[in-house]
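Each remark here refers to the structure printed beneath this line.
Please treat every number below as a calculation from the coordinates, not as lab data. Since we're looking at a predicted model, the values are computed, not measured. Quick reminder, even Gly has a Cβ in these numbers, built from the backbone with ideal geometry, and neighbours come from all protein chains shown.
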Amino acid sequence: MKTRELINQLNEFLFLEQGQVALYQMMARAAPTRHQRQGLLRLAAIEEEHVRNINGLLLTIGGKVQGLPEFMESQWGYWLSRMGLSALISGTRILANWETVLRGAVLGEEKAISSYRQLLRQVRDREIEAILWFNLIDEELHACWLEFCATQRGKKTIVANIMVREPGQPAREAEKNE
Ligand SMILES: [Fe+2]
Ligand SMILES: [Fe+2]
């Protein structure tokens, strides 16, 4: 892959990651439980780390951050504007179905995962590969956690029992949190 092409792709990742920071911060404000609020804030912090990682890579290969207009022409721009709208709607807590917002976020992670995998197939630099793998695995974990929140509510699985329990709360009381 040519450096110019890589710089363009990394810029798209950068905007995606920045969008996810904002999205998860917005979602945290609208989250229905303390568990999900804390989880979403943690996701936002991890996405901030991804932003730093991609910024670092861009600097390493001599690229620079592109402006917003170019980004908005990309498919990421389209996706993020839709996601941003969903999150804003959820913020009103009037029209939105929270599970739909969570599922939308899973789709965003899925898109990030496939994009990271696609770029990994084209890159032959160990340092770049290491960062892309680092971010990719985080995105997979995010997708699992978000999907859990969207689908597992009320189910009596071991993971559900662990994840919905408030600190210090007995296991059988946990369902009241959701
Ligand atoms: Fe990310
Ligand atoms: Fe993510």
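Kindly put Met1, Met163, Met27 in sequence by how many other C-beta atoms sit within 10 Å of each C-beta, fewest to most. The partial results should precede the final answer.
Working: Met1 13, Met163 18, Met27 27.
Neighbour counts put them in this order, fewest first: Met1, Met163, Met27.
Across the stretch 141-151, computed HN-Hα scalar couplings (Karplus, 6.51 cos²θ - 1.76 cosθ + 1.60, θ = phi - 60°) run 5, 4, 4, 4, 5, 5, 5, 4, 4, 7, 10 Hz from first to last residue, x flagging Gly and Pro.
Legend: ranking of residues Lys111, Lys2 from fewest to most surrounding C-beta atoms inside 10 Å; resulting order Lys2, Lys111.
What ranking of Val106, Val65 emerges when the number of other C-beta atoms within 10 Å of each C-beta is taken as an exposure proxy, fewest first? Walk me through the numbers on the way to the answer.
On the way: Val106 19, Val65 15.
In increasing order of surrounding Cβ atoms, one gets Val65, Val106.
Distance between the modelled labels on Lys111 and Glu49, one decimal in nanometres: 2.4 nm (7 Å Cα→Cβ projection).
Multiplying the residue separation of Asp125 and Cys144 by 0.36 nm and removing their Cα-Cα distance gives an extension gain of 4.0 nm.
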